[in-house]
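Single-structure report; data block below.
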């Protein structure tokens, strides 16, 4: 029983990780907490849904479509809401206020365009379930876990092996130094936003597939959780975000099983607040917190 | 007046202060000098409660104030200026000094609501007294005419002087000046010299951290030399200046 | 005066109260995005007093405000050591916890909320409360505590070195801000006649935050101006009403891009 819950937790957690990684990427390179990231996740789910409805596509196409769509969305957000602020040397809080605005816009646009009701992905896959000893896994869950892990591995490889990936890490360390080395930080930032948003979009489709509950409001919750994970794993730390996501997924599933499920979300927030108070640098973060 | 005993401060792996002893006599001007990075500002920060000490003690007029929070330390009678000027730029010079008076006045949110109403040109009670004292201090440091200027619009030297006025507003027994002569011309340094003398004459003990050796020699009664977090010499300026360890510390850095 | 416009003006008054209440902690440098939570507490407690206990509205407001203030003090303490973005997240989390709490709390109807509230909020009452709050802020401004607040907002370390007790100032500012939000919540409940947890979620907090940001934190008139813009604009322009969130979101972005200095630091000059 416990093992089953853990496995469920990992499934859930892997999607959380994807979102948290996005936060970490953006924070790492820009020092900015992208409060609208949850809405990007939501848009990914909606884009995927539309593709399935209009083109009768399978989950794979929905996934890729959402990836691309949200990547573009991320780029637009960076160009309209953040770059102008940097260009004018605004104070640190200005971008964050901007993210709140973007979040509101995305929320309402989604509500108007897709209606406020919860919808599900029409089932094209016959969910197959397998038994592995005491554990039951469905094909959907496997898909989610597989895709998430694949994306994480791909990200890791990209960040450590490719030029652009390393440029991103350099920019995260020090924008000035990166620029002096000839790295176009503007381009790096664009790529960062695209990648982070794409991951969120993918997570959107995956969550939509697993829970069958897509609505314009699914972003708020997820957004805060992703934030909590990023805090847990240490700001700007991608690997901390990965581990943190899995951890949170496990905690959440376990708490549902053993505590009142309706207070589950409150539990997550409480944990987050405790972290903020007692260990703001997270489990893996290093150094002083500003 | 001030007794610092075996003070130590550690930041993670870095030992900023080790075994620092400092004895400041009342009514004196005591200078703390040393090469860059010797720990002078850290020493100030620990004494004034901005940072907690790792070990050791600080006593003011016999009272143990080790590890006290900054506002309690100020209330106890120590005031300071900052090496990198930390004025409130959203306020003008007068208001900055008035904030300095915070610890000698009372009245929080409740009192603010019921304080006596005055007209624009008349104020009563504590507020008027604070304002008067602030103007007085601005005159003392030579900023009388600049009372209404935004703190950010003052020149660097004026800002440093404003910080001194603000620090004095709390009627301290001990005044800590962190590199007050930074960026000053010789004429301005002489003015500072005179100001410090005036402050001493008014009964306030002064400790200053300085790089400006000439000023230190001219104005101080005792000099303590810090190097790499330790005290390497202490005594009257003439003697310290000739101390071989002090010379080595400074020359060693120059290499 | 037509009762429609009277209703609009009452909402304007309520928004002013809410904005003024958020203004106080922000002027102590504490950015709070959880004010919806305090508003919720005030709303529910006030309704409990008037509906279940049969008390008159002012009494209910007093209790609602006090409970909210207590909550504010409780949140204010952990908020002491936290700055900037962390504080924003902390307060967001708090707001969500309150919302989820009421979502599950049976006695107040859980997700269905409470309906059929008596209409007790009148325009004179709202105006009075708003005016009182404004008067308080004005009194704070030219006083010792007003200076201390500004000092804390600008530079906490320097303020503390000047003898300002950070704990007292920040927690009190937070608690008073929560008190105001509680009053706003109580007034709101007895005008909207129906409350449920969804009305006090993140959007509410963001809306109040937007009002303060729009008006600028340089002066206590800022929230008043902001409230007027946010409340009246949808009434005057139809498309604003239909696309409220989008317009407000865009306004936030524009504020951040075009007049960031007006956002959080009063009278700050351009970087030399």
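The values are calculated or read from the model by the stated rules, or taken from the named source; none is laboratory data. Predicted, not measured: the structure shown is a model, and the values here were computed from it. With ideal geometry, Cβ positions are generated from the backbone for all residues, glycine too; neighbour counts draw on all protein chains shown.
Each residue in the range B:27-41 was checked for being more than 14 Å from every other protein chain (Cβ to nearest Cβ) and part of a helix (DSSP H, G or I), and 1 of them qualify. Counting the residues of the range A:196-216 that are within 24 Å of residue A:58 (Cβ to Cβ) and under 12 Å from the mean Cα position of the chain (by Cα) gives 11.
Scan the range B:171-180 and tell me whether some residue there is over 23 Å from residue B:84 (Cβ atoms) and surrounded by 16 or more Cβ atoms within 10 Å (Cβ to Cβ). Yes: the range B:171-180 contains one or more residues that are over 23 Å from residue B:84 (Cβ atoms) and surrounded by 16 or more Cβ atoms within 10 Å (Cβ to Cβ).
It is to be established whether one or more residues within the range B:28-35 are assigned by TED's automatic domain parsing to the domain that holds residue B:224, more than 18 Å from residue B:211 (Cβ to Cβ) and surrounded by fewer than 19 Cβ atoms within 10 Å (Cβ to Cβ). Looking for residues that are assigned by TED's automatic domain parsing to the domain that holds residue B:224, more than 18 Å from residue B:211 (Cβ to Cβ) and surrounded by fewer than 19 Cβ atoms within 10 Å (Cβ to Cβ), one finds at least one in the range B:28-35, hence yes. If the condition is being touching a helix residue (DSSP H, G or I) at 6+ places or on another chain (Cβ under 6 Å) and away from chain A (no Cβ under 14 Å), then the range C:91-116 contributes C:108, C:114.
Restricting attention to the range B:135-158, the residues that are away from chain C (no Cβ under 12 Å) and either within 17 Å of the chain's Cα centre (by Cα) or on the phi > 0 side of the Ramachandran plot (or both) total 7.
Contact map, the range A:205-225: residues that are away from every other protein chain (no Cβ under 13 Å) paired with residues that are surrounded by 22 or more Cβ atoms within 10 Å (Cβ to Cβ) and not in a helix (DSSP H, G or I), Cβ distance under 8 Å, separation 6+ or inter-chain. Pairs shown: A:208/A:121; A:208/A:214; A:209/A:121; A:212/A:121; A:214/A:121.
Annotation note: of C:250, C:246, the sole residue that is at pLDDT 85 or above, surrounded by fewer than 20 Cβ atoms within 10 Å (Cβ to Cβ) and within 22 Å of residue A:112 (Cβ to Cβ) is C:250.
In the range C:20-32 there is no residue matching the filter, namely being out of contact with any strand residue (DSSP E or B) (no Cβ under 7 Å at 6 or more places or on another chain), over 29 Å from residue B:88 (Cα atoms) and part of a helix (DSSP H, G or I). Of the candidates B:69, B:63, B:86, the single residue that is surrounded by fewer than 22 Cβ atoms within 10 Å (Cβ to Cβ) and more than 20 Å from residue B:102 (Cβ to Cβ) is B:63. Answer with yes or no whether residue A:79 is away from every other protein chain (no Cβ under 14 Å) and either within 29 Å of residue A:173 (Cβ to Cβ) or crowded, with 22+ Cβ neighbours inside 10 Å (or both). In short, no. Scoring residue A:167 on the criteria (1) within 18 Å of the chain's Cα centre (by Cα); (2) without any contact (Cβ under 8 Å) to a residue 24 or more places away in the chain; (3) buried (at least 18 other Cβ atoms within 10 Å of the Cβ) leaves a single failure, condition (1).
Would you check which residues across the range B:48-82 are part of a strand (DSSP E or B) and within 14 Å of chain C (Cβ to nearest Cβ) and list them? Scanning the range B:48-82 gives B:78, B:79, B:80. Identification of helices (runs of 4 or more DSSP H) wholly contained in the range C:120-210 with 3 or more residues that are more than 12 Å from chain B (Cβ to nearest Cβ) and within 17 Å of the chain's Cα centre (by Cα) yields C:123-141, C:166-192. In this structure, is residue C:65 surrounded by 17 or more Cβ atoms within 10 Å (Cβ to Cβ) and closer than 17 Å to residue C:21 by Cβ? Considered against the rule, which asks whether it is surrounded by 17 or more Cβ atoms within 10 Å (Cβ to Cβ) and closer than 17 Å to residue C:21 by Cβ, residue C:65 comes out as yes.
Taken together, the residues in the range B:105-134 that are in a helix (DSSP H, G or I), facing chain C (nearest Cβ under 10 Å) and at pLDDT below 85 amount to 8. Go through C:43, C:62, C:68 for me and flag whichever is assigned to a helix (DSSP H, G or I), out of contact with any helix residue (DSSP H, G or I) (no Cβ under 8 Å at 6 or more places or on another chain) and at pLDDT 90 or above. Testing whether each residue is assigned to a helix (DSSP H, G or I), out of contact with any helix residue (DSSP H, G or I) (no Cβ under 8 Å at 6 or more places or on another chain) and at pLDDT 90 or above leaves just C:62.
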